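The numbers here are math on the coordinates, done by the rules we state, and not lab data. Keep in mind that this is a model prediction, so the values were computed, not measured. Every residue, glycine among them, receives a Cβ derived from its backbone with ideal geometry; neighbour counts consider all protein chains shown.
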Amino acid sequence: MREDLMQRAKDTLLKNLYQVKLNGQNYQRTVPSKEFYVHQWNWDSATHAMGLVYFDERRAVDELLSLISGQWKNGLIAQITFNPNEEKYFPGPEFWGTEKFATGEILTSGITQPPLLGISLLHLYQTIKDIDLKKELVIKVLPAVIKYHEFLKNFRDPEDSGLLTVVHPWESGTDNSTRWDEPLANISLEDIPDAVKILVNKYRSDDKLGNSKHRPGLTDYYKYMYLVHLFSKWGWDNNKIVKESPFVVKDVLFNSLWCRANFALAELLEQEGRRDESATFLKMAQKTQKSLLDLWDDKSGLYTDLDVSNGKRIRIKENTVATFLPIWAGAYNKSILDSLIDRLKDPKQYWSAFPVPTTSLNNSKFELTRYWRGPTWPITNLFVIEGLGKLGPEYQALKMELLSRTFKMIEDNGFYEYFDPINGGARPDKRNTLSLGFGSFSWTSAIYIYLSNKYKET
Ligand code: GLC
């Protein structure tokens with residue numbers, strides 16, 4: 001950790017602060033990057049708070065207060081909470097048809113993102129020194145997070161399998177991961193109305209503000225917006241969406257976080273002396289832990305997502321970083337763990353100059369610079385580091401090595417959205433910058449601060 005970089009990380013979070021008055025109330029939230037992501041994102045904000053808490057406890061709590069401010073009556077905390085009058089990002093509020101679910105002036109998208117919020121809440125609860133702020137967390141944020149977990153449990157796991165369903169690649173947080181190629185093939189381009197394609201052609205902006213070679217492909221985008229169009233047509237009826245969406249997946253990464261988030265709520269409630277509620281969340285966490293083990297596929301040596309659309313149950317055997325997530329959830333046995341660690345340490349798969357690439361280097365679909373199909377993302381590194389941190393002493397050297405390479409990747413290149421996992425000098429074009437995506441990124445800054453503080457003693 002370098003002091004000058006620490007200051008820059010804080011400055012980035014300060015620069016990305018967005019103050020807005022809605023329903024007569026002031027909100028302070030952090031946008032991911034002013035270059036493109038000019039609203040509030042769910043799992044980004046959960047992460048922002050985990051970094052902010054080390055230098056501005058008030059702002060960390062404000063971040064979560066703002067995130068829950070647009071919670072729907074049914075409990076949904078959306079993927080995006082929109083800022084008014086911002087044009088840069090597509091699809092903005094006018095494309096979702098969610099107005100009737102809005103809390104007054106607070107408009108949101110209609111889907112969610114990986115449930116990191118409960119984990120963030122516990123971290124704040126354990127880190128904040130100011131007693132009044134801690135009380136505010138328990139009084140205002142905790143009930144909203146409990147309601148959000150009830151939403152997820154009721155609407156995304158009606159069959160009580162222990163595993164939640166995601167209904168849109170954007171819900172997975174890893175939008176264009178190779179894991180979604182197969183389930184997205186359920187949607188044929190001919191099924192997509194021209195109006196949806198025209199909309200994308202006219203308004204899509206990420207590939208214009210950013211480098212189109214780094215962004216998801218056009219057909220993927222048609223499909224993303226087709227799903228939004230369908231759900232909006234169905235009035236955001238979650239029962240119908242889970243039953244009838246062509247994209248319905250049990251996602252390993254999402255469910256690993258779900259498991260950890262329920263453990264986190266159980267711990268917080270236990271500390272608050274709310275034993276019965278704590279036991280409920282503990283049971284939910286343990287159930288998911290067990291169900292995650294069923295996603296292990298011995299043949300491929302991977303945790304596999306399940307395509308459960310139309311009564312199917314097809315394992316998606318893609319070698320990506322998601323396979324390491326159940327370590328953090330504690331969902332493994334000795335032989336699984338051994339094989340996962342071998343995989344992680346393999347230079348042909350994951351142990352590149354700047355690990356952990358989001359897709360294995362030897363996966364035929366690996367792409368060096370395209371979004372979630374190869375580049376190293378600080379957020380997924382954080383999950384792998386946390387997982388290793390929970391293992392025995394013999395794994396701690398590996399954790400420290402990953403930590404130091406993650407720091408170096410950021411220190412050498414800046415606070416970018418994601419990074420080229422391969423050493424610049426070793427690349428055919430000898431380009432030596434590894435930074436990709438949008439710059440001055442809040443996520444990367446918050447993760448730098450969080451990891452530096454959390455692991456400084458070890
Ligand atoms: C992209 C990422 C998503 C993230 C958002 C804001 O859409 O895929 O995970 O939350 O950007 O940073």
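Excluding same-chain neighbours fewer than eight residues apart, the lysines reachable from LYS290 by a Cα-Cα span under 28 Å are LYS147, LYS153, LYS240, LYS243, LYS250, LYS299, LYS312, LYS317, LYS334, LYS345, LYS390, LYS399. Take GLU401, project a point 7 Å from its Cα along the Cβ direction, then tell me which residues of the range 364-392 have their backbone nitrogen under 20 Å from it. Taking a point 7 Å out along Cα→Cβ of GLU401, the residues of the range 364-392 whose backbone N falls under 20 Å are 376-378, 380-392.
Counting other Cβ atoms within 10 Å, which trypsin sites (Lys or Arg not before Pro) in the range 29-126 have at most 13 and lie in a DSSP loop?
On the way: sites: ARG29, LYS34, ARG58, ARG59, LYS73, LYS88, LYS100; in loops: LYS34, LYS73, LYS88.
Those that pass, being in a loop and sparsely packed, are LYS73.
Loop-located trypsin sites (Lys or Arg not before Pro) in the range 307-368 (DSSP state other than H, G, I, E, B) with a sparse environment of at most 10 neighbouring Cβ atoms within 10 Å: ARG313, LYS348.
For a test of the definition: using alpha carbon positions, the gyration tensor, and the 1.5 limit on a/c, classify the range 1-89 as rounded, prolate or oblate. Taking the square roots of the gyration eigenvalues as a ≥ b ≥ c, the range 1-89 is prolate. Is the shape of the range 282-364 best called rounded, prolate or oblate, per the rule: a/c under 1.5 gives rounded, else a/b larger than b/c gives prolate, else oblate, with a ≥ b ≥ c the square roots of the Cα gyration tensor eigenvalues? The shape class here is oblate. For the pair ASN154 and THR103, a Förster radius of 25 Å applied to the C-beta separation gives a FRET efficiency near 0.80, rounded to the nearest 0.05. Each of GLU411 and ALA279 was given a label point 7 Å from its Cα along the Cα-to-Cβ line. The distance between the two points is 4.9 nm.
Using 0.36 nm per residue of separation minus the Cα-Cα distance, give me the extension gain between ASP346 and LEU189 in nm, one decimal. Walk me through the numbers before you get to the answer.
Numbers: separation 157, 0.36 × 157 = 56.52 nm, distance 3.77 nm.
52.8 nm is the gain from fully extending ASP346 to LEU189.
Modelled this way, with points 7 Å down the Cα-to-C-beta line, the labels at ASP207 and GLU87 are 2.2 nm from one another. Aspartates and glutamates near LYS454 by alpha-carbon distance under 17 Å, same-chain residues fewer than 8 away left out - which ones? Answer for LYS454, where 17 Å is the Cα cut-off: GLU3, ASP56, GLU57, GLU386, GLU401, listed by chain and number.
Rounded, prolate or oblate for the chain? Axes are the square roots of the Cα gyration tensor eigenvalues, ordered a ≥ b ≥ c, and the cut-off for rounded is a/c under 1.5. The shape class here is rounded.
Between the beta carbons of LYS390 and SER161, assuming R0 = 30 Å, the FRET efficiency works out to 0.75 to the nearest 0.05. For LYS15, the lysines whose Cα falls under 20 Å of its own Cα, not counting residues fewer than eight places away in the same chain, are LYS34, LYS88.
Please get the size of the charge dipole for the chain, origin at its Cα centre, with Cβ charges of +1 on Lys and Arg and -1 on Asp and Glu, quoted in debye to the nearest 20.
Details: 58 positive and 58 negative charges, 53 e Å.
In total the dipole reaches around 260 debye.
Modelled label positions at ARG313 and LYS334, each set 7 Å beyond Cα in the direction of Cβ, lie 3.0 nm from each other. Helix content alone sets the calculated 222 nm mean residue ellipticity of the chain: runs of n ≥ 4 DSSP H residues at -39500 (n - 2.57) each, divided across all residues, give -14000 deg cm²/dmol.
Suppose R0 equals 45 Å; then what is the FRET efficiency for ASP294 and ASN74 from their Cβ-Cβ distance, rounded to the nearest 0.05? Intermediate results must be reported in sequence, preceding the final value.
Details: r = 28 Å, r/R0 = 0.63.
With a Förster radius of 45 Å, E is 0.95.
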